[in-house]
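Here is the structure we will look at.
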């Protein structure tokens with residue numbers, strides 16, 4: 001390795017934490033993927049809708065729509081929807097002087 | 001295929017599963033190579049052969065450099081290899097620019113001609129893999145690295161995490177890692193996951209929001225914005241470009257680590273630099289190291305020729321660094337500004353009386369930051385005239401319109417983007433040390449929760465990374 005380079009993923013650590021961790025990583029990624037599939041069906045549906053149209057994509061979009069409806073019925077999409085609403089309100093917030101200008105423009 | 005998209009997420013999960021299930025290291029590398037070509041081909045399949053040809057050429061030159069047959073012609077072979085790399089880069093990047101400049105010059109002296117403008121498409125990442133190729137053949141020539149096997153060179157230049165926007169990973173750093181099947185450990189994975197999530201946040205929330213809702217509109221029409229808007233948009237672009245570019249390399253480092261490979265750091269809180277020299281030790285560190293080692297020292301002679309030549313070399317290095325960003329006079333001016341200030345800093349260090357008091361650290365930081373921001377105005381402006389209009393609006397604040405169009409969120413994001421430079425330098429390392437002790441299900445749920453929050457905050461759609469076009 002070149003002497004000047006620093007590698008961010010080299011952490012100080014004891015030997016136990018340097019043990020092989022492929023299983024630990026696979027479980028982490030698997031659970032994260034499953035959790036996101038359950039709580040973020042909105043993004044899966046949007047992704048499907050943005051793909052170039054084809055018969056396969058149409059089927060993906062249909063399935064994603066059913067999946068979103070199912071997770072929404074269980075309330076799993078609520079946290080994302082709530083956070084999105086709050087964030088959109090934050091995006092739309094204006095300084096008092098800007099609100100006055102916008103009112104005048106209307 | 002952009003990192004912060006579901007398409008890339010699916011691609012990466014499949015690659016991760018397939019690559020780690022390969023028993024032999026050779027098959028593992030072949031699978032990674034195929035995945036990298038699929039990744040590159042998803043943008044434009046026509047340029048995959050160019051990537052392969054570039055790797056083949058550099059491999060062949062390196063083999064020749066250590067062959068008995070070329071023992072008397074090593075230097076000529078090296079120059080040939082470097083020249084071919086530069087010709088490829090020059091053709092795709094500068095052909096149209098120089099044709100237009102020649103056409104304009106001929107027209108100005110009364111010899112107007114219709115010169116062929118090919119509207120050449122710039123292959124994504126061409127600068128990065130060309131720089132890798134040049135550093136490889138120079139390092140082999142200098143004896144710093146041994147010639148690598150063809151498979152290793154193909155993978156070195158094609159490896160998808162760094163392929164399109166760096167970091168520039170040298171053969172000396174990556175090829176030794178290809179020699180045996182890598183092992184994952186919790187430390188590496190914890191840091192990798194934090195880097196990916198942090199990069200996702202910087203790109204999709206901070207950089208995208210700043211770009212679309214404030215910085216782009218102000219830079220598109222500076223004449224109809226107030227001086228306050230112009231100043232904030234300049235600060236906003238400083239934050240945007242840092243969050244955009246460092247996000248890419250954070251994610252690249254994290255993704256490579258999940259596949260078992262270590263990439264060098266590329267950013268280190270650049271806006272806390274107290275001089276421009278310090279800035280370049282913190283910003284795009286692998287490019288600055290490349291420019292220092294192969295252009296400033298290797299090609300121009302560095303500081304070996306005395307003070308005047310040192311200043312000239314600093315200036316030339318940064319001018320060429322600016323031109324590397326693109327065929328536009330704004331980049332040349334950006335490079336000249338950086339080169340000029342670096343030379344002045346060196347001159348001051350050489351000539352300033354020892355008894356003179358030094359500026360306090362905070363003042364040096366403020367001066368350095370504003371020189372960098374001034375450079376960003378040229379870097380971001382579409383043309384020299386636009387940059388001058390922009391600067392004119394700042395220096396003559398009462399001549400333009402009044403008002404302030406940045407929303408509270410934009411001001412908050414700019415402040416946050418600057419404040420992150422005041423964070424303890426090792427905050428993420430400390431966090432990763434804690435995360436690696438947690439059980440996998442807890443880390444998985446935590447990771448999903450963070451990505452969900454970021455996804456709820458992200459701006460609609462994903463713009464390409466700024467450095468894709470370089």
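Rank the residues B:158, A:43 as a footprinting-exposure proxy: fewest other Cβ atoms within 10 Å of their Cβ go first. The partial results should precede the final answer.
Details: B:158 25, A:43 22.
So the residues, fewest neighbours to most, are A:43, B:158.
So if we plug the beta-carbon distance of residue B:352 and residue B:142 into 1/(1 + (r/R0)^6) with R0 = 25 Å, what FRET efficiency do we get, rounded to 0.05? Spell out each step's value before the answer.
On the way: r = 36 Å, r/R0 = 1.42.
The value I calculate is 0.10.
Going by average Cβ density within 10 Å per residue, which order do the peptides B:421-428, B:94-101 take, highest to lowest? Present the calculation step by step, with values, prior to reporting the outcome.
Working: B:421-428: 12.4, B:94-101: 15.0.
Answer by packing, highest mean first, reads B:94-101, B:421-428.
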Where in segment B:439-470 does the amide nitrogen come within less than 18 Å of the point 7 Å from the Cα of residue B:46, taken along Cα to Cβ?
B:469
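Hey, fewest Cβ within 10 Å first, where do B:437, B:265 land in order? Could the numbers behind the result be given before it?
Details: B:437 12, B:265 17.
Ascending Cβ contact count within 10 Å gives the list B:437, B:265.
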At the level of C-alpha centres, the distance separating segment B:252-325 and segment B:399-430, in angstrom, is 26
Taking R0 as 41 Å and r as the Cβ-Cβ distance between residue B:5 and residue B:398, the FRET efficiency 1/(1 + (r/R0)^6), rounded to the nearest 0.05, comes to 0.35
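Quick one: length gained pulling residue B:426 to residue B:24 fully straight, 0.36 nm per residue minus the C-alpha distance? Can you show the working numbers first?
Values: separation 402, 0.36 × 402 = 144.72 nm, distance 3.61 nm.
Roughly 141.1 nm would be gained on extension.
Taking every residue in B:284-292, how many Cβ atoms of other protein chains lie within 10 Å of its Cβ, on average?
1
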Quick one: order B:429, B:286 by neighbouring beta-carbon count within 10 Å, fewest to most.
B:429, B:286
Starting from the Cα gyration tensor of segment B:86-233, take the square roots of the eigenvalues, sort them a ≥ b ≥ c, and report rounded, prolate or oblate (rounded when a/c is under 1.5, otherwise prolate if a/b is larger than b/c, else oblate).
oblate
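Work out the mean other chain Cβ neighbour count within 10 Å for the residues of A:35-45 and drop it here as an integer. Walk me through the numbers before you get to the answer.
Numbers: counts 9, 9, 1, 1, 5, 6, 0, 2, 8, 1, 0.
Mean partner-chain Cβ count within 10 Å for A:35-45: 4.
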Cα-based shape type of segment B:187-469, given that a ≥ b ≥ c are square roots of the gyration tensor eigenvalues and the cut on a/c is 1.5
oblate
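What shape does segment A:41-94 take by its C-alpha gyration tensor, where a ≥ b ≥ c are the square roots of the eigenvalues and a/c under 1.5 counts as rounded, a/b above b/c as prolate, and the rest as oblate? Mind dumping the intermediate values first?
Working: a/c = 5.46, a/b = 1.66, b/c = 3.28.
Here segment A:41-94 falls in the oblate category.
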Length released on extending from residue B:437 to residue B:388, taking residue separation times 0.36 nm less the Cα-Cα span
12.2 nm
Averaged over the residues of B:403-410, the number of partner chain Cβ atoms within 10 Å of each residue's own Cβ comes to 4
Pulled fully out, how much extra length does the chain show between residue B:95 and residue B:297, if you take 0.36 nm times their separation in residues and subtract their Cα-Cα distance?
70.0 nm
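Grab the beta carbon distance between residue A:101 and residue B:86, set R0 = 45 Å, and tell me the FRET efficiency rounded to 0.05. Can you show the working numbers first?
Working: r = 53 Å, r/R0 = 1.17.
E between residue A:101 and residue B:86, to the nearest 0.05, is 0.30.
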From the C-alpha gyration tensor of the protein assembly as shown, pull out the three semi-axes of the equivalent ellipsoid (sqrt of 5λ each), sorted largest to smallest, in whole Å.
37, 35, 25
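Computed from the coordinates by the stated procedures, all read-outs in this text should not be read as laboratory data. Remember, it's a predicted structure, so these values are computed and weren't measured experimentally. Quick reminder, even Gly has a Cβ in these numbers, built from the backbone with ideal geometry, and neighbours come from all protein chains shown.
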